[in-house]
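A quick write-up on the structure given underneath.
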Amino acid sequence: MQILVVEDEPRMAKLLERGLVEEGHSVVVAGDGAAGLELATASAFDVIVLDCMLPVMDGLTLTRRLRESRNQTPVLMLTARDADSDVIQGLDSGADDYLTKPFPFEVLLARLRAVSRRGAIPRPVYLEVADLRLDPAAHTVTRAGESINLTPREYRLLELLMRNAGRVVSRDKILDSVWGFDTGVTENTVEAFVRLLRIKVDAHEPRLIHTVRGTGYVVKAL
Ligand code: CA
């Protein structure tokens, strides 16, 4: 395979290059995000091994730029951090898989095989329902191109509903996902937040946030 490795740490880059070449791959190494993006755009690679923390342009931004330019080359993201939010951000930005450093080289090879076998999957950068668009990487929401200002809680509620677009999300699930273990929050609070969200999001037709009586809420274009 033709593999692009974007890694700023010289020792790690050398290790990856040597190991992958030994496996019979042809490898190009870039030392920062901007150089990586330029190479990825200029020629076709089978897969990109991408460090998350990079100078000039970080891995998440690089992936987003690639996907925005309709480049669907599979991306295996490497990160030193394993916090859930980083993983989610990485996948939201359009990465195909994730590996936390340090990792055994065998695991990297196995993941590379899996990612390249799946090939280039068109992966939407945005969540969209009708003219409502949520950008998970930038944390912005627009309706018919007009930006909507949401509080962090309202944003999480809308993101949850949009990730499940077309499916009913129960009030319990909303309480769990948006408020977590914050006690004292009741289903009335959920209803109040949905009302606020509707005022901002559903200011014009068609209405997208629907109540399913006795169960929960669903976002969909009727
Ligand atoms: Ca790094």
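When the stretch 1-27 is filtered for residues that are within 15 Å of the ligand (Cβ to nearest atom), surrounded by fewer than 17 Cβ atoms within 10 Å (Cβ to Cβ) and assigned to a helix (DSSP H, G or I), the ones remaining, listed by number, are Pro10, Arg11, Met12, Lys14, Leu15.
Which residue out of Arg198, Arg171, Arg207 is over 26 Å from the mean Cα position of the chain (by Cα) and modelled with pLDDT of 90 or more? Step through it out loud before you land on a result.
On the way: Arg198 fails: over 26 Å from the mean Cα position of the chain (by Cα); Arg171 fails: over 26 Å from the mean Cα position of the chain (by Cα).
So the residue among Arg198, Arg171, Arg207 that is over 26 Å from the mean Cα position of the chain (by Cα) and modelled with pLDDT of 90 or more is Arg207.
Is the stretch 65-73 home to any residue that is out of contact with any Phe, Trp or Tyr (no Cβ under 6 Å at 6 or more places or on another chain) and either at pLDDT 95 or above or within 16 Å of the ligand (Cβ to nearest atom) (or both)? Among the residues of the stretch 65-73, not one is out of contact with any Phe, Trp or Tyr (no Cβ under 6 Å at 6 or more places or on another chain) and either at pLDDT 95 or above or within 16 Å of the ligand (Cβ to nearest atom) (or both), which makes the answer no. Residue-level check: of (1) more than 26 Å from Ala138 (Cβ to Cβ); (2) within 12 Å of the ligand (Cβ to nearest atom); (3) not polar (S, T, N, Q), Pro55 misses just (1). Scanning the stretch 36-83 for residues that are of a type outside the set (A, V, I, L, M, F, W, C), in a strand (DSSP E or B) and crowded, with 22+ Cβ neighbours inside 10 Å turns up just one, Asp51. With respect to the conditions (1) part of a helix (DSSP H, G or I); (2) β-branched (Val, Ile, Thr); (3) loosely packed, with under 15 Cβ neighbours inside 10 Å, Thr189 falls short on a single one, namely (3).
The values are calculated or read from the model by the stated rules, or taken from the named source; none is laboratory data. This structure is a prediction, so every number in the text was calculated from the model and none was measured. Cβ atoms come from the backbone with ideal geometry, glycine included; neighbour counts cover every protein chain shown.
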